[in-house]
Amino acid sequence: MKIINKPDNLFELYKTLCEQQIPVSEYKHFINSFLELKARDRAIPLTGSFELTPLCNLDCKMCYVHLDSNQFDYRRLLSTEVWKSIIREAYESGMRRASITGGECLTYPGFDEIYLYLYSLGIAPAVLTNGLLVDESRINFFKRYPPKSIQITLYGSSDDAYEVVTGHRAFTTVYKHIKSIKDAGIPLHLTITPSFYMRDDIHQLLEKAHSTGVPYYINSCLKPPRENTGRIANDITTDQYIELYSHYNKLNNRATVTVDFKSLPEQNRVGIPKTGLRCGAGSSAFAIMHDGNMCPCFSLRSMMAKPTEIGFKAAWKKINAFAVNYRTPEECNGCIYYHSCLSCAALHENAPSDGHCDPRICERTKKLVAAGVVPYPEIPEE
Ligand code: SF4
Ligand code: SF4
Ligand code: SF4
């Protein structure tokens, strides 16, 4: 894709796209990137994620959010009126993209009302689900009101494998639903969240996902479970991720070019103090948890503000100030691995020393580069 210099406005972007003879089919990509950059520059909360419920019809061993009925009384769920009021204020502040998640968002009693409310504002939401409730009647609903996309996370390649990870023999139903959603022409993609509990099934799961003919992705790490879930993360090792990504490349006819680990350049060890989160969390995006708390993203919860108490605008102002002033790990600024590395602020928050990167992330990045499953860093000319 050709590189377009930062245009000042959409007219200028359109002019450049025409001059560079960019195919019209690619305009959407450039317009979305343009809006994202402008939103970050101007601190507009363009994208919102709404966690309607921590309840779920599966019980995954590694889940970061799910609470069962002993841990959470469903009567504590926010009402549809409260959600709609948050959404309305978010829209008035500039939100134009939204995703609905959980727990299992389709178990939330007012799902349709909230979905259709977003629709009435001109926002087709993305729906993140485990797929178990996307039956014929739900598909008919989505055919009538198409979502931006449906994302189904898969947990196993068979009913037996699902039972080990989720406690339920849900595979056959979910697989059937995937086929029906695809046949209905509703935008769909699949994700795989690797965990220790999947054991060897993970490779069979990858092949099963591939066999659906639906786009599928592997999440890069497990989110640490929230304290109130009583769970601990049980991620797979870096070597297992490498095997998985290499398998993914093979299935998708992509080359995996390895290099000698010892030949890789060292990471930046000279710290450059800098503030501001590198991703859109808190500068163009926000997340609202099931209890109504706003945070920059569901993984970064060291700063929270409650729009139901202080109003959306005031809550966003706090979250944005946190994101703008966030002290990023010094070593990451100017590091040649920056574009190959996850370097997510939420991951670094688990690091032993404040303001510095977690050396385990550096090590992991180098291993992934050596294995050829993430891009080789661009070495600046001397
Ligand atoms: S399906 Fe998703 S929300 Fe439900 S328990 Fe599993 S990981 Fe958690
Ligand atoms: S965490 Fe990543 S970007 Fe930061 S110093 Fe380590 S390799 Fe570089
Ligand atoms: S803080 Fe990490 S998990 Fe959150 S949006 Fe940024 S990169 Fe993603």
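The values are calculated or read from the model by the stated rules, or taken from the named source; none is laboratory data. This is a predicted model, so every value here is computed, not measured. Here the Cβ positions follow ideal geometry from the backbone for every residue, glycine too, while neighbour counts run over all protein chains shown. Ligands, DNA and RNA are excluded from the accessible area calculation, which covers all protein heavy atoms including side chains. Shrake-Rupley method; radii C 1.70, N 1.55, O 1.52, S 1.80 Å.
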Determine if the stretch 278-285 includes at least one residue that is of a type in the set (Ser, Thr, Tyr), in a loop (DSSP other than H, G, I, E, B) and either within 16 Å of ligand 2 (Cβ to nearest atom) or in contact with a Pro (Cβ under 9 Å, 6 or more places away or on another chain) (or both). yes
Looking only at residues in the stretch 294-314 that are under 13 Å from Ile87 (Cα atoms) and away from ligand 3 (no atom under 14 Å from the Cβ), which one is surrounded by the fewest Cβ atoms within 10 Å (Cβ to Cβ)? Lys313
If a residue has to be in a helix (DSSP H, G or I), under 30 Å from Glu89 (Cα atoms) and touching a residue at least 24 places away in the same chain (Cβ under 8 Å) to count, how many in the stretch 115-167 make the cut? 10
So, first residue free of Cβ contacts under 8 Å to residues at least 60 places away in the same chain in the stretch 318-333, second residue part of a helix (DSSP H, G or I) and open to solvent by 30 Å² or more (accessible area, probe 1.4 Å), Cβ within less than 9 Å, six or more apart or across chains; the pairs are Lys318/Ile310
Among residues belonging to the stretch 359-381 that are in a loop (DSSP other than H, G, I, E, B) and surrounded by 18 or more Cβ atoms within 10 Å (Cβ to Cβ), point out the one that is farthest from ligand 1 (Cβ to nearest atom). Pro377
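Residue-wise test of (1) outside any helix (DSSP H, G or I); (2) out of contact with any Ser or Thr (no Cβ under 7 Å at 6 or more places or on another chain); (3) polar (S, T, N, Q).
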site: Ser25; (1), (2), (3): no, yes, yes
site: Lys28; (1), (2), (3): no, yes, no
site: Leu35; (1), (2), (3): no, yes, no
site: Ala39; (1), (2), (3): no, no, no
site: Ile44; (1), (2), (3): yes, no, no
site: Gly48; (1), (2), (3): yes, yes, no
site: Cys56; (1), (2), (3): yes, no, no
site: Lys84; (1), (2), (3): no, yes, no
Given (1) more than 16 Å from ligand 1 (Cβ to nearest atom); (2) modelled with pLDDT of 95 or more, identify the lone condition not met by Ser99. (1)
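Condition check ((1) over 25 Å from Asp235 (Cβ atoms); (2) away from ligand 1 (no atom under 16 Å from the Cβ); (3) under 19 Å from the mean Cα position of the chain (by Cα); (4) basic (Lys, Arg)) across all residues:
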position: Met303; (1), (2), (3), (4): no, yes, yes, no
position: Phe312; (1), (2), (3), (4): yes, yes, no, no
position: Phe322; (1), (2), (3), (4): yes, yes, no, no
position: Glu331; (1), (2), (3), (4): no, yes, no, no
Residue pairs qualifying under the 6 Å Cβ cut-off, at least six apart or on distinct chains, with the first in the stretch 255-283 being within 30 Å of Met294 (Cα to Cα) and of a type in the set (Lys, Arg) and the second being modelled with pLDDT under 90 and within 16 Å of ligand 3 (Cβ to nearest atom), are Lys274/Thr328; Lys274/Asn333
